[in-house]
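See structure below.
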């Protein structure tokens with residue numbers, strides 16, 4: 001167990017805003033990251049960690065190296081988002097593993113947060129490695145390569161199951177270079193991710209933001225569409241079918257290079 005002094009960090013906001021699906025709070029927050037269990041709680045500005053993972057990994061995972069003063073200065077553009085920054089101050093984006101993040105957001109398609117978390121939990125129990133009683137690693141692509149569709153039914157993924165199995169096979173057989181997206185620009189990475197069956201604009205943007213740190217990514221789902229319409233509706237003149245793309249482009253120009261952070265503060269407000 002060790003302690004990390006933090007500034008502008010709120011553990012509750014960060015883990016309850018819907019960007020990750022494998023954390024639960026029972027006194028301590030408990031989650032599985034990189035095949036290891038993390039138990040975390042916050043007392044004031046002190047983050048208390050109980051895990052086999054080292055401090056550097058925790059700092060990286062929670063993006064505790066981000067310059068929040070610079071980020072807030074960039075996205076704090078008007079009287080609409082300013083109170084959200086104040087209300088949810090300390091909410092950080094998380095650096096997730098690209099494979100787990102990709103599969104998680106494929107599972108998110110037309111789904112609720114509760115059902116997403118449940119399906120991921122079942123998939124880990126069925127095909128992951130048991131770390132300790134009740135906790136399992138996220139299954140590697142190789143572990144899913146030879147899984148039959150009928151065996152995935154118990155994970156309650158529905159129409160998403162074939163998509164997960166297909167990309168697992170592609171990544172495992174080096175037919176898709178997932179980790180190579182790190183070196184691509186935001187737009188190049190988006191184009192590459194959208195080659196995957198079941199990955200559209202929103203899922204690609206989520207993976208780019210939450211796994212690859214492309215902070216100019218601005219995922220637009222129903223929650224974001226609603227609050228962007230409410231806050232900035234007069235800015236969007238295009239057809240309804242192109243409105244989400246128009247919103248994302250507006251956000252990139254308006255909030256700047258850290259618009260992904262603005263997205264999460266807006267999302268948190270609509271979610272709550």
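Throughout, read-outs are computed from the coordinates displayed, never taken from laboratory work. All of these numbers come straight from a predicted model, not from anything done at the bench. Every residue, glycine among them, receives a Cβ derived from its backbone with ideal geometry; neighbour counts consider all protein chains shown.
Observations, loosely collected:
- Fewest-first sequence of 28, 99 by Cβ atoms within 10 Å of each Cβ: 28, 99
- Distance between modelled label sites at residue 89 and residue 173, nm, 7 Å Cα→Cβ extension: 5.3
- Tensor-based shape of the range 98-210 (alpha-carbon gyration tensor, a/c under 1.5 rounded, otherwise prolate or oblate): prolate
- For the residues 52, 109, 241, a GNM of the chain with alpha-carbon springs under 10 Å puts the largest fluctuation on 241.
- Over the chain, relative contact order from alpha-carbon pairs under 8 Å, at least 6 apart, %: 20
- Segments 137-144, 219-226 sorted - mean Cβ within 10 Å per residue, highest first: 137-144, 219-226
- Normalised by 2.2 N^0.38 Å, where N counts its residues, the alpha-carbon radius of gyration of the range 178-272 equals 1.05.
- The range 57-124 and the range 199-251 have Cα centres separated by 15 Å.
- Cα gyration tensor category, rounded, prolate or oblate, for the range 2-65 with a/c compared to 1.5: rounded
- Taking other C-beta atoms within 10 angstrom as a stand-in for reagent exposure, 78, 234, 10 fall in the order 234, 78, 10, fewest first.
- Counting neighbouring beta carbons within 10 Å and listing from fewest to most, the residues 59, 64 come out as 59, 64.
- Tensor-based shape of the chain (alpha-carbon gyration tensor, a/c under 1.5 rounded, otherwise prolate or oblate): oblate
- Residues in the range 193-222 reached by a label modelled at residue 112 [backbone nitrogen below 11 Å; 7 Å Cα→Cβ]: none
- Computed over the chain, the per-residue total of -39500 (n - 2.57) for DSSP H runs of n ≥ 4 gives a 222 nm mean residue ellipticity of -13000 deg cm²/dmol, rounded to 500.
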